[in-house]
Amino acid sequence: MDNRNIKNKKDNTETMTNLLPPSKRSDMPTFRALDILSKVNELDAAGQDIRRLGAGQPCFGAPQPTLDYAAQILRDDPRQGYTESIGMPSLRARISRYYSDYYAADLPPEQLVITSGSSCGFIIALISAFDAGDKVAVVTPTYPAYRNFLKALNVEVIEIEGQAENNYQPSIELLEKCEEKFDGLIINSPGNPTGSMIDEDELIRICQWCDAKGVRLISDEAYHGITYETKAATVLKYSSNAIVLNTFSKYFAMTGWRLGWVALPENLTDRGKKLAENFFVSAPTISQHVAYKVFDHLDMLDEYVTLYKRNRDILCSELPKAGLPVFTHADGAFYVYADISELSNNSIDFCARMLEEAQVSTTPGIDFDLTRGHTSIRICYADSTKNIIEACERLKNWQL
């Protein structure tokens with residue numbers, strides 16, 4: 001081929017590349033908590049001693065008996081082929097029984113879809129329930145992926161600012177004040193990043209309000225099981241229209257196994273099944289076996305929660321001594337949301353300096369609240385008590 005033809009072909013290819021932009025809906029903010037985790041891993045590998053209060057994951061793994069069970073499963077069936085697209089019948093039946101035992105709630109196995117983490121469950125839930133152009137409300141501060149899921153699906157996000165008097169959780173009064181009408185509402189109790197909970201009476205009122213207004217309620221119950229004074233209630237007891245999501249990553253301490261579930265109303269189960277089989281085929285088989293077995297060891301998981309409570313109490317006592325008062329009543333999950341307004345108005349820079357100078361990782365509040373998060377940070381305390389105490393000492397000694 002003539003050298004001129006080669007050059008022209010190359011020029012044409014470069015021109016075509018410049019004319020083919022990425023999609024607008026894929027343009028979303030970085031998830032800073034995971035960016036910080038990558039940076040912390042890098043510093044760890046370089047030999048720095050970092051206290052990890054950033055990424056929201058347990059310091060524990062799945063109970064050892066579940067791992068022994070998984071090893072036996074792999075020896076017996078090394079092939080580990082696909083399961084049903086909505087998950088192994090035995091696991092769905094086990095989750096159904098858990099809802100009956102733990103919540104006194106009726107959840108037929110047929111309404112469950114096992115997913116690769118609750119993130120995949122959100123994709124199934126949102127596509128099942130909403131069309132492009134619909135509007136879904138969230139109360140800030142809130143988990144940033146909700147906003148990004150919705151925007152990627154061309155669903156409009158209505159952000160309602162949570163208030164201190166409601167512990168930064170939704171209330172009927174707050175919802176009624178919203179001038180824009182919306183088709184859906186996402187709630188998270190216990191919440192990320194605040195650790196705050198919706199009172200059960202208020203939760204019942206929210207369920208009734210959503211049903212009366214024709215608003216689809218989506219309840220992210222990822223931190224159920226990790227509560228300290230009052231057990232969290234599931235919306236499944238109070239609404240037959242609500243969608244519930246949960247994960248094996250938090251209370252069940254199976255983060256890297258990437259497994260969760262979504263409970264769909266009866267009229268959405270067929271849609272959920274079709275979406276699961278087309279988008280994801282099935283969740284990881286070995287993870288489903290481990291999840292089935294983990295329900296036999298809830299006592300061990302509750303011991304983890306006892307440690308989280310001890311760590312929470314230490315942080316709530318010690319953080320104000322470091323100039324970091326806590327915003328909310330941290331009734332569950334493993335987070336506190338701290339006020340840095342007296343120290344900085346740039347939470348991204350503040351967290352970066354804290355990591356570099358105090359060698360403590362946290363997450364900037366701007367991840368969770370685009371309007372007010374520049375003066376707040378999220379602190380995760382799912383670590384050993386020794387490390388939590390050491391982190392507090394480092395922060396108190398940090399020259400701000």
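The values are calculated or read from the model by the stated rules, or taken from the named source; none is laboratory data. Fair warning: this is a prediction, and the values are worked out from it, not measured in the lab. Every residue, glycine among them, receives a Cβ derived from its backbone with ideal geometry; neighbour counts consider all protein chains shown.
Every residue in the stretch 83-112 that is among the small types (G, A, S) and over 15 Å from Y292 (Cα atoms), please. Full working, then the answer.
Narrowing the stretch 83-112 to residues among the small types (G, A, S): 85, 87, 90, 93, 96, 100, 104-105.
Those that are among the small types (G, A, S) and over 15 Å from Y292 (Cα atoms): S85, S100, A104, A105.
Restricting attention to the stretch 102-133, which residues are under 18 Å from the mean Cα position of the chain (by Cα) and assigned to a helix (DSSP H, G or I)? Break it down into steps so the answer makes sense when it comes.
Step one: list which residues in the stretch 102-133 are under 18 Å from the mean Cα position of the chain (by Cα), which gives 113-126.
Scanning the stretch 102-133 gives G117, S118, S119, C120, G121, F122, I123, I124, A125, L126.
Within the stretch 322-360, how many residues are assigned to a loop (DSSP other than H, G, I, E, B), among the acidic types (D, E) and closer than 30 Å to A232 by Cβ?
So the answer is 1.
Among the residues of the stretch 75-86, is there at least one that is in the same structural domain as E221 (by TED's automatic domain parsing) and not in a loop (DSSP other than H, G, I, E, B)?
yes
Matching residues to (1) under 30 Å from G87 (Cβ atoms); (2) out of contact with any strand residue (DSSP E or B) (no Cβ under 6 Å at 6 or more places or on another chain); (3) free of Cβ contacts under 8 Å to residues at least 24 places away in the same chain; (4) surrounded by 23 or more Cβ atoms within 10 Å (Cβ to Cβ):
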site	(1), (2), (3), (4)
M300	yes, yes, no, no
S317	no, yes, yes, no
G323	no, yes, no, no
A330	no, no, no, yes
N345	no, yes, no, no
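Just to be sure I understand, how many residues within the stretch 48-69 are surrounded by fewer than 17 Cβ atoms within 10 Å (Cβ to Cβ) and aliphatic (A, V, I, L, M)?
1
Is it true that some residue in the stretch 279-295 is assigned by TED's automatic domain parsing to the domain that holds T247 and free of Cβ contacts under 8 Å to residues at least 12 places away in the same chain?
no
Looking only at the stretch 197-246, which residues are surrounded by fewer than 24 Cβ atoms within 10 Å (Cβ to Cβ) and hydroxyl-bearing (S, T, Y)?
T227, Y228, T230, T234, Y238, S239, S240
Pick from the stretch 146-186 the residues that are among the hydroxyl-bearing types (S, T, Y) and touching a helix residue (DSSP H, G or I) at 6+ places or on another chain (Cβ under 9 Å): which of them is nearest to P22 (Cα to Cα)?
Only one residue fits best here, namely Y146.
Taking R79, is it over 30 Å from A233 (Cβ atoms) and charged (D, E, K, R)?
In short, yes.
Could you give every pair whose Cβ atoms fall below 9 Å, whose first residue belongs to the stretch 177-189 and is closer than 27 Å to V336 by Cβ, and whose second residue is assigned to a strand (DSSP E or B) and acidic (D, E), counting only separations of at least 6 or pairs across chains?
As it stands, the answer is I186/D220; I187/D220; N188/D220; S189/D220, since those pairs meet every condition given.
With the checklist (1) buried (at least 16 other Cβ atoms within 10 Å of the Cβ); (2) of a type in the set (S, T, N, Q); (3) assigned to a helix (DSSP H, G or I) in hand, flag the one item T306 doesn't pass.
(1)
Can you pull out every residue in the stretch 78-95 that is within 16 Å of K273 (Cβ to Cβ) and surrounded by fewer than 19 Cβ atoms within 10 Å (Cβ to Cβ)?
Hits for the stretch 78-95 are Y82, E84, M88, P89.
Being in a helix (DSSP H, G or I), at pLDDT below 95 and either under 19 Å from the mean Cα position of the chain (by Cα) or among the acidic types (D, E) (or both): is that true of E165 here? Break it down into steps so the answer makes sense when it comes.
Values: in a helix (DSSP H, G or I): yes; at pLDDT below 95: yes; either under 19 Å from the mean Cα position of the chain (by Cα) or among the acidic types (D, E) (or both): yes.
Judged against the criteria, E165 is a match.
Residues in the stretch 310-321: is at least one under 16 Å from N192 (Cβ atoms), in the same structural domain as G56 (by TED's automatic domain parsing) and touching a Gly at 6+ places or on another chain (Cβ under 9 Å)?
yes
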